[in-house]
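Please read the structure below before turning to the comments.
Throughout, read-outs are computed from the coordinates displayed, never taken from laboratory work. Every value quoted in this text rests on a predicted model; they were computed, and no experiment measured them. Ideal geometry is used to build each Cβ from the backbone, glycine not excepted, and the neighbour counts take in all protein chains shown.
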Amino acid sequence: MAKKVAVCLSGCGFLDGSEIHEAAFTLLALDQAGAEIHCCAPSGVKLEVVDHTAQKPSGETRDVLTESARIARCEIKPLSQVNAKDIDALIFPGGFGAAKNLCSFAVDGADCKVNPEVESLVGDMLEMKKPIGAICIAPAMLARIVGRKNIPARLTIGTDANVASAVNQMGATHCDCPATEMVADETHKVVSTPAYMLAGGPAEVYAGIKKCVDKLLEMA
């Protein structure tokens, strides 16, 4: 039977939403593995909208769910309608949206707060011992959640010393990892890969995400 996997997006565009390569490669790897994909995202106004040509805030106002639907192509649900009991695994592509719209890590670092809907779903997945994947900067968000639950899950964002220090400060355990690999915490069923936190191009990103997704499904 196909594994049901929720893919939680955070907008559209690497500077203010989901990193499009990472999101698309996640969907591709899941589809290649025969998983049943359920895209979702929290509703609400993005922290900021960035003009990606100038790489500066545009001053616009956009909704996270509406922007995420640009990537999903399939049906996408508000995160509030996703229940841990109905899925086998959960995965978060990266992009600054994970650190701006799913949590406040981009602004507050190790003192960040997590979107309540994200924290609730991740908490339920941890309690039910269902696997969770996190890509690029998304493990920083996950570190905040597991740390609050006193779960020293092993995570990676690559090799960035400052972000790795924040991950450890929040209560998770950071492990250095190249972009083409992933870190799997078998005990807590958490898997992560650095992607564009470290990768030099799409091929490296896909290699790491494919391994991350395959391990996520194995854990499920």
Open item on the list: Please check: in the Gaussian network model of the chain (C-alpha springs, under 10 Å), which one of Thr187, Thr26, Thr156 has the largest mean-square fluctuation.
Closed with: Thr187
Task: segment 1-135: relative contact order in percent, alpha carbon pairs under 8 Å with at least 6 residues between - done: 32
Open item on the list: If the elastic network links every pair of Cα atoms under 10 Å, which of Val45, Val118, Val163 fluctuates the most in the Gaussian network model of the chain?
Closed with: Val45
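Report for the chain the percent antiparallel among DSSP-assigned beta bridges with both residues inside it, nearest 5.
Numbers: 7 of 27 bridges.
Taking every DSSP beta bridge with both residues in the chain, the antiparallel ones total about 25 percent.
Quick check on packing: order 70-78, 8-16 by the mean number of other C-beta atoms within 10 Å, highest mean leading. Walk me through the numbers on the way to the answer.
Values: 70-78: 15.8, 8-16: 26.7.
Going by the mean number of other Cβ atoms within 10 Å, highest first, we get 8-16, 70-78.
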Open item on the list: Could you compute the net charge surrounding Leu65? Neighbours are other residues with a C-beta less than 13 Å from the C-beta of Leu65; K and R count +1, D and E count -1.
Closed with: 0
Open item on the list: Given points 7 Å out from each Cα along the Cα-Cβ axis, report the Ile20 to Asn83 separation in nanometres with one decimal.
Closed with: 3.6
TODO: Can you tell me which of 47-58, 190-201 comes out highest on packing, and rank the rest after it, using the mean Cβ neighbours within 10 Å?
DONE: 190-201, 47-58
